[in-house]
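Taking it in order: structure first as structure tokens, then the write-up.
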Amino acid sequence: MMDNRTFLIAGIIIALAVGGLAVFLASSNPDGLESTALMVQGQKTLTGDTPSDAEIQEPESAVSYNPPLPDYTLEGYGKSGDLLAMLVGTILAVLVAIGAVKLLMMVRKTDRQD
Amino acid sequence: MHIPDAFIPLPQAAVYWLIALIFIFLSIRWARKEMSEEKIPLIAVLAAGIFAIQAFNLPVGMGTSGHLVGGALAAILLGSPFGAVFILTLVLIVQGVLFGDGGITTMGANILNMGVIGGFVGYYSFQGLMKATKSMPVSAFIAAWLACFIPALACAVEMYLAGTFPLVPGLAAMGLYHAVIGIIEGAITVVAIRLVISAKPDLQSTVIRGAAA
């Protein structure tokens, strides 16, 4: 039986390892939704390969949001930028999760004191 | 199946946000009741693990790739479909805001598909299958497959309503690709449950109790 702290640290290390490997090994093929978009736009067939120049035509969007690290990359830094993006994302996921639970527990405590 | 902003017109995106917010509210109520200092590591590891593995696209042939979504995994390990809503909402916020993976206006639809539909389909099919088969791997594999496949069909219908995909080709392609991606979902879900339970055997009771409830 692993204690809670060991579990947390081991879990984060595994997540970081998975994210790091993803930078080098993940498939660059479009995902299911993107692939469907390319198919209905006539750029690929249902079961065929995706041509390297295929690009999804997006309708004009009412909003355009510019994320700080678009597509999990830090522009101009190559693979090390991708690794940094995954590191930041994974750590942020941990912090957001812990923060959300702590916040809820704090709110619950104040509720009970009322 | 992260829907970008451009794929759903604003009024429809707002409707999905509204539905998602109702389930987010319910998941917060669930979390306030269920959460304790003791549960924080599992929540944190699930959020980090699901975030990381969602970046790991595996080829599924047909010029397409896919990755674990994790709705079934979170729901089974946390013993509630609201666990999936809670975790997937956090992960989708990080992905959308920081990386532009999934839109901001469409985040409601993404939470609805992957967190709500994925979580509920994954949790309740796991319960039913556990009763029928008594086998965790069989039940978790099929439940996770369904928790990938059904949200993909929902997404195809949303894309049709948005005028982005035609109905039948959209359903056929989304269904076909995610039927294969679902195998990844199933396999990784089984391995991840095994791994977490071997590290924390006390969770065995959550998984089994969930299935017996």
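The values are calculated or read from the model by the stated rules, or taken from the named source; none is laboratory data. Here the structure is a predicted model, which is why all the values come from computation and not from measurement. Heads up, the Cβs are rebuilt from the backbone with ideal geometry, glycines too, and the neighbour counts pull from every protein chain shown. To get the accessible areas, we keep the full protein, side chains included, count just its heavy atoms, and leave off ligands, DNA and RNA. Shrake-Rupley method; radii C 1.70, N 1.55, O 1.52, S 1.80 Å.
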Dimensionless Rg over Rh [chain B; C-alpha; Kirkwood]: 0.96
For B:Ser65, enumerate residues with amide H under 5 Å from its amide H, sequence gap 5+ or separate chain, H modeled in the peptide plane. A:Asp31, A:Gly32, B:Val60
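Leaving out ligands and nucleic acids, note down the accessible area per residue over the stretch A:1-77 with a 1.4 angstrom probe, in whole Å².
So the stretch A:1-77 comes to 63 Å² accessible per residue, rounded to a whole number.
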For chain B, the accessible surface attributable to carbon and sulfur atoms (probe 1.4 angstrom, ligands and nucleic acids excluded) amounts in percent to 75
Leaving out ligands and nucleic acids, note down the accessible area per residue over the stretch B:59-107 with a 1.4 angstrom probe, in whole Å². 16
Taking H placed 1.01 Å from N in the peptide plane, check which residues at least 5 places from B:Ile104 or on another chain put their amide H under 5 Å from its amide H. B:Asp5
Tally up the carbon and sulfur contribution to the accessible surface of chain A as a whole percent, 1.4 Å probe, everything protein left in place. 59
Filtering chain B for DSSP H helices with an axial alpha carbon extent of at least 20 Å and a Kyte-Doolittle mean of at least 0.5 returns B:10-34, B:40-54, B:81-99, B:136-161, B:167-199
Convert each backbone phi in the stretch A:11-22 into a coupling constant with the Karplus relation 6.51 cos²θ - 1.76 cosθ + 1.60 (shift: θ = phi - 60°), then list the ³J(HN,Hα) values in order as whole Hz, x for Gly and Pro. x, 5, 4, 4, 4, 5, 5, 4, x, x, 5, 4
What are the extents of the Cα atoms of the stretch A:1-91 along their three principal axes, listed from largest to smallest and rounded to whole Å? 53, 31, 26
Filtered trypsin sites (Lys or Arg not before Pro), the stretch B:19-68: DSSP coil and at most 12 other beta carbons within 10 Å: none
Could you name the lysines in cross-link range of A:Lys109, using Cα to Cα under 28 Å and dropping any fewer than eight places away on the same chain? B:Lys33, B:Lys39, B:Lys200
In the stretch A:1-69, GluC sites (Glu not before Pro) in a DSSP loop with at most 13 other beta-carbon atoms within 10 Å: A:Glu55, A:Glu60
Measure of compaction for the stretch B:15-55 (Cα Rg per 2.2 N^0.38 Å): 1.43
Extent along principal axes [Cα atoms of the stretch A:9-48; Å; largest to smallest]: 46, 16, 13
Roughly how many nanometres apart are two label points built 7 Å out from the Cα toward the Cβ at B:Leu26 and B:Leu195? 3.0
Which value, in debye to the nearest 20, gives the size of the charge dipole of the protein assembly as shown about its Cα centre, when Lys and Arg are +1 and Asp and Glu are -1 at the Cβ? 1440
Extent of the protein assembly as shown along each principal axis, from alpha carbon coordinates, in Å, largest to smallest? 56, 45, 39
Chain B: relative contact order in percent, alpha carbon pairs under 8 Å with at least 6 residues between: 26
What does the charge add up to near B:Gly66, with Lys and Arg as +1, Asp and Glu as -1, over the other residues with Cβ less than 13 Å from its Cβ? -3
Ranking A:Asn29, B:Leu90, B:Ser65 by how far each Cα lies towards the positive end of the charge dipole of the protein assembly as shown (+1 on Lys and Arg Cβ, -1 on Asp and Glu Cβ), the top one is B:Leu90
Within the set of other residues whose C-beta is less than 15 Å from the C-beta of B:Thr89, count the net charge using Lys and Arg as +1 and Asp and Glu as -1. +1
With Cα springs under 10 Å, the Gaussian network model of chain A assigns the largest mean-square fluctuation among A:Gly20, A:Gly48, A:Gly78 to A:Gly48
Whole-Hz Karplus couplings 3J(HN,Hα) for the stretch A:86-94, θ = phi - 60° and coefficients 6.51, -1.76, 1.60, Gly and Pro as x, run 5, 4, 4, x, 5, 5, 5, 4, 4
Would you calculate a helix-derived [θ] at 222 nm for chain B, using -39,500 (n - 2.57) for each DSSP H run of n ≥ 4 and dividing by the full residue count, to the nearest 500? -24500 deg cm²/dmol
In terms of the ratio Rg/(2.2 N^0.38 Å) built on C-alpha atoms, what value belongs to the stretch B:91-153? 1.32
